[in-house]
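See below for the structure under consideration.
The values are calculated or read from the model by the stated rules, or taken from the named source; none is laboratory data. This one's a predicted model, so the numbers in the text were calculated from it and none came from an experiment. When we count neighbours, we look across all protein chains shown, and the Cβ atoms used for this are built from the backbone with ideal geometry, even at glycine. Remember, those area values only see protein heavy atoms, side chains included, never the ligands or the DNA or RNA. Shrake-Rupley method; radii C 1.70, N 1.55, O 1.52, S 1.80 Å.
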Amino acid sequence: MIVARNLEMLLLAWLARWFFAPRAALVYELLDIHTLMVGRTPMGRGLRAIERVLLRSCRLVIVSSPAFIHSYLARFQAGHPPALLVENKVFPATCPGAALRPSGPPWRIGWFGNLRCRTSLDCLLEVARRTPSLIEIDLRGIIACDTLTTLPQEVADLPNVFWHGRYESRDLPEIYGRVHFCWAIDYFQSGLNSAWLLPNRLYESCLHDCQPLAVATVETGRWLEAHGLTGRLEEPLADSMVAFLAALTPADYEKQAAHLSTLDRGLFRHATSDCEAFVATLVGTTASP
């Protein structure tokens, strides 16, 4: 079997199989959907045509969000191979630790991971300036976008915004244990990939009993609603967030935190049996005609 992550790897995998392993099963992992892939331009049509041809050779498509199926594959690649949902959950080696977060307010929001969304940073800095005694911001991870290279300098003069740099997976219990909310919002490809994805930080934060914040109308917001979680914000985002946190009492927060802690951990973390079932699915795929 060859598993190809994203379109450019699928083309290379198709070629490699043609030359070296013609009997190998080909599986396409659709990690993200670039804006070009939904465009009506000649470039967009051409890329979808290439993907469509390659999909005919695939036995399975792996996606991390249901929206990738109904908002992209069903619309643009009708007749695609069977799709398998494998969410971006935390793997068994990561275990939650004791929360270190103090009672609020101030309410501390953590934005962790690949930091690539200029709109998110601008919104967080706006609310930090507007409500210095109500909201604190923790920023950690990798600056993954050219428009954010000045981030450390932008936050240096804000007493309630803290840039901590990179972290390792072993640090997850500590960093999520120090914040009340996780910023699970992304406008990097607004209305498209950003509206469809379910990010890693959604599962990481919930596993560590840290409540996510999401836009109510996107897939992440619908996920929160389906599991009875608050933190679903409306546009304009800064106003909605300030209003939400200004009205939040410690008792309300503890009530919601208690609900989050009762949810099945399997919603947020892959058990070893999940990994075994995934491998079994792949094995079954290779056995198919």
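Data overview
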quantity: Single match in L224, L207 (criterion: touching a residue at least 24 places away in the same chain (Cβ under 8 Å) and among the aliphatic types (A, V, I, L, M)); calculated: L207
quantity: Boolean, D239 is more than 24 Å from G177 (Cα to Cα) and either in a loop (DSSP other than H, G, I, E, B) or acidic (D, E) (or both); calculated: yes
quantity: Output for segment 206-236, where each listed residue is part of a helix (DSSP H, G or I), closer than 14 Å to F181 by Cβ and open to solvent by 70 Å² or more (accessible area, probe 1.4 Å); calculated: none
quantity: Residue among D239, D274 that alone is among the acidic types (D, E), out of contact with any helix residue (DSSP H, G or I) (no Cβ under 7 Å at 6 or more places or on another chain) and closer than 18 Å to V86 by Cβ; calculated: D274
quantity: From V86, V63, residue being crowded, with 20+ Cβ neighbours inside 10 Å, modelled with pLDDT of 95 or more and of a type in the set (V, I, T); calculated: V63
quantity: Condition check for A257: touching a residue at least 12 places away in the same chain (Cβ under 8 Å), closer than 26 Å to R170 by Cα and not in a helix (DSSP H, G or I); calculated: no
quantity: Single residue of segment 274-289 satisfying the filter (assigned to a helix (DSSP H, G or I) and open to solvent by 70 Å² or more (accessible area, probe 1.4 Å)) that is modelled with the lowest pLDDT; calculated: A287
quantity: Boolean, N114 is surrounded by fewer than 20 Cβ atoms within 10 Å (Cβ to Cβ) and closer than 30 Å to Y72 by Cα; calculated: yes
quantity: Total residues in segment 61-82, condition touching a residue at least 40 places away in the same chain (Cβ under 8 Å), within 30 Å of S205 (Cα to Cα), touching a Phe, Trp or Tyr at 6+ places or on another chain (Cβ under 8 Å) and not polar (S, T, N, Q); calculated: 4
quantity: Qualifying positions in segment 23-59 - open to solvent by less than 10 Å² (accessible area, probe 1.4 Å) and either within 24 Å of the chain's Cα centre (by Cα) or free of Cβ contacts under 8 Å to residues at least 24 places away in the same chain (or both); calculated: V27, Y28, L30, I33, G44, E51
quantity: Boolean, W183 is in contact (Cβ under 8 Å) with a residue 40 or more places away in the chain and either touching a helix residue (DSSP H, G or I) at 6+ places or on another chain (Cβ under 8 Å) or open to solvent by less than 10 Å² (accessible area, probe 1.4 Å) (or both); calculated: yes
